[in-house]
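No lab work stands behind these numbers, since they all come straight from the coordinates. It should be emphasised that the depicted structure is a prediction, and the values quoted were computed from it without experimental measurement. Cβ placement follows ideal geometry from the backbone for every residue including glycine, while neighbour counts extend to all protein chains displayed.
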C-alpha cells in the first residue's frame, strides 16, 4: 500500500508535480490495533502514526485495525460487538472500518481529522466532507449499519485475536508483523526515527540524509 | 509560543497526562510566509510544517504569515488587497489570519484541515466545527469582513514587506528570523531533521535520541 499516493497528494497533484523518492527496498509496515475512543490510541495515531506517514509514506505502509479490546459473539449468523468504551466506541470503530474499506489509504486524513477532533463521532461527517465532498455520508452509514460493516468488523476481530503474542493493551503496534516490548517502546517514543532506521533502502530526504528531493514547488513573486 | 499546549493535547488531556519533555533551550522558531492557495505552500504546510510541529512542539515555535505575494493599497484609511491566486486566495488568507488572531496556536489544526482539504475555502467552516464546535462561524466572518481583519492583514503585509532579504517566492521560510538558501532547502527537504539538529537543548524523544518519554498511555485489556 505504500506505493499508493496518499490522498493529500491527489488534492495537490493537479497543481504541481511532487518528486516522490523511488523506494528501493521493502516498505516498513506498521500495524496499529486500536480503539476509536481510547485516549492513548488517539494520541499515537494523531501525534505519531499519521504525521510520520505523511512524511515517510514512500518507505512505509500502515494497517489500521480498529477493534482492540472489543469482544464479539455470534448470533444467528451476525456478530454482536461489545466495546471497551461503550457503544459510541463500537460506532467509531465501525465508521473507521467502513471508511478504510471504501477509501483504502485515502481514509487516513479522514480518520486523523476524526481522532484529533473534540468529538470523534460528531467529526466523522464533516471530516469526510472536507476530503471527499462527493462521497455521500449515507453510503458510509449503509456500510456501518449493514451486513458489510458487520462482516468487516468480524475480520478485525479475527485479525486482532490472531495476534502472536496476543495483545495486552491498546494501542498495540506491530512492525513488519512483529510485536516486541522494544519495538512498541521505540514506536511510541519516536515512530519516525524507528521507520527511518528500519528502512533498508536509500533513505528519503525526510530521514535527513541520503537522497535529495529533486525539485520543490514555489510560487514566484 | 512553544510553551503553549497544542490544541490536540487539550482535546486529549481530559483523559490522560502526556509527559511533555521539559525544554532546556530556546525553541527553534520557524516562520512561514505563504499564500492560502499556493500549491507549494499547501504542500509544505501539510507535509512538513504541521506534522513536524505535532511531533516537535516542545522545542519549536511556528509563526504563520498568510500574505505572500499579495499587494495592498490604502484607500480612505482601509486597505485593499490583491492576491496572486485571485479573490478566493485573499479570502483564504483572511480566514486563516482571523483564525490565528482568535485562536493563536490552536488555529493550526483548523488550518491544516483547510489546507489539506479538496477546497480550502469550503473546508473552513467544517474544519472549525471539528476542533471548535462552540466557536461560531459568524464570529470568524465578522473578523474577515470587518476592520479587524483589514488591520490584521495589513500587519501581515508590513511583516512580509519587512523581510530581509525580501522574499522572492512562497513558501518563504525563516528559521529563528533568518533566511538563507541553505536553510530554505533544508527546511523544504526535511524540516523535522533541521529542527532537531538546530535545537541546542536535550533532544526530545521524537528526535530519536536523548530523553525518553516518562510514560505512555495505554488502554489495558
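Between identical copies, the spacing of residue B:162 label points, each set 7 Å from Cα toward the C-beta atom, reads 6.1 nm from nearest to farthest.
Under a Gaussian network description of chain B, with springs only between Cα atoms under 10 Å, the residue in B:156, B:93, B:176 that fluctuates furthest is B:176.
In square nanometres and to one decimal, what's the mean projected area of the convex hull around the Cα atoms of segment B:56-157?
Details: hull surface 27.5 nm².
Its average projected convex-hull area is 6.9 nm².
For chain A, the relative contact order works out to 31 percent when only alpha carbon pairs closer than 8 Å and six or more residues apart are counted.
The other copies place their residue A:63 label points at 4.7 nm from this one, listed shortest first, where each point is 7 Å from Cα along Cα→Cβ. Against chain B, whose longest principal axis is taken from its Cα atoms, helix B:181-198 shows a tilt of about 30°. In terms of surrounding Cβ atoms within a 10 Å radius of their Cβ, B:218, B:131 rank from fewest to most as B:218, B:131.
For the pair segment A:32-99 / segment B:96-142, the C-alpha centres are spaced 26 Å from each other.
If I take all pairs of Cα atoms in segment A:26-197, what percentage of them are more than 21 Å from each other? In whole percent, the long-distance tail amounts to 45. For chain B, the antiparallel share of DSSP beta bridges with both residues in that region comes to about 60%. Rounded to the nearest 10 degrees, the angle from helix B:120-131 to the longest Cα principal axis of chain B is 40 degrees. Between residue B:119 and residue A:119, how high is the FRET efficiency from 1/(1 + (r/R0)^6) when r is the Cβ-Cβ distance and R₀ = 22 Å? Nearest 0.05. Efficiency, from the Cβ-Cβ distance: 0.40. In degrees between 0 and 90, to the nearest 10, how far off the longest principal axis of chain B does helix B:86-103 point, with axes built from Cα atoms? For helix B:86-103, the angle is close to 50 degrees.
If you take every DSSP beta bridge fully contained in the protein assembly as shown, what fraction is antiparallel? Give it as a percent rounded to 5. Taking every DSSP beta bridge with both residues in the protein assembly as shown, the antiparallel ones total about 65 percent. Label-to-label distances for residue B:76 across copies, nearest first, come out at 7.3 nm, using points 7 Å from Cα in the beta-carbon direction.
This ranking places B:58, A:202 by how few other beta-carbon atoms lie within 10 Å of each, fewest first, which gives A:202, B:58.
Calculated from DSSP H runs of 4 or more alone, at -39500 (n - 2.57) each and per residue, what is the 222 nm mean residue ellipticity of chain B, nearest 500?
Numbers: 9 runs with 101 residues, N = 221.
Counting only the DSSP helices, I get -14000 deg cm²/dmol.
Extension gain for residue B:158-residue B:202 works out to 12.3 nm (0.36 nm per residue, less the C-alpha to C-alpha distance).
Taking 0.36 nm per residue of sequence separation and subtracting the Cα-Cα distance, how much length would be gained by fully extending the chain between residue A:135 and residue A:178, in nm to one decimal? It would help to have the intermediate numbers written out before the result.
Values: separation 43, 0.36 × 43 = 15.48 nm, distance 3.54 nm.
Taking residue A:135 through residue A:178 to full extension adds about 11.9 nm, to one decimal.
Size of the protein assembly as shown from its Cα atoms: along the principal axes, largest to smallest, the extents are 75, 44, 38 Å. Extension gain, residue A:87 to residue A:145: 0.36 nm times the residue separation minus the Cα-Cα distance gives 19.6 nm.
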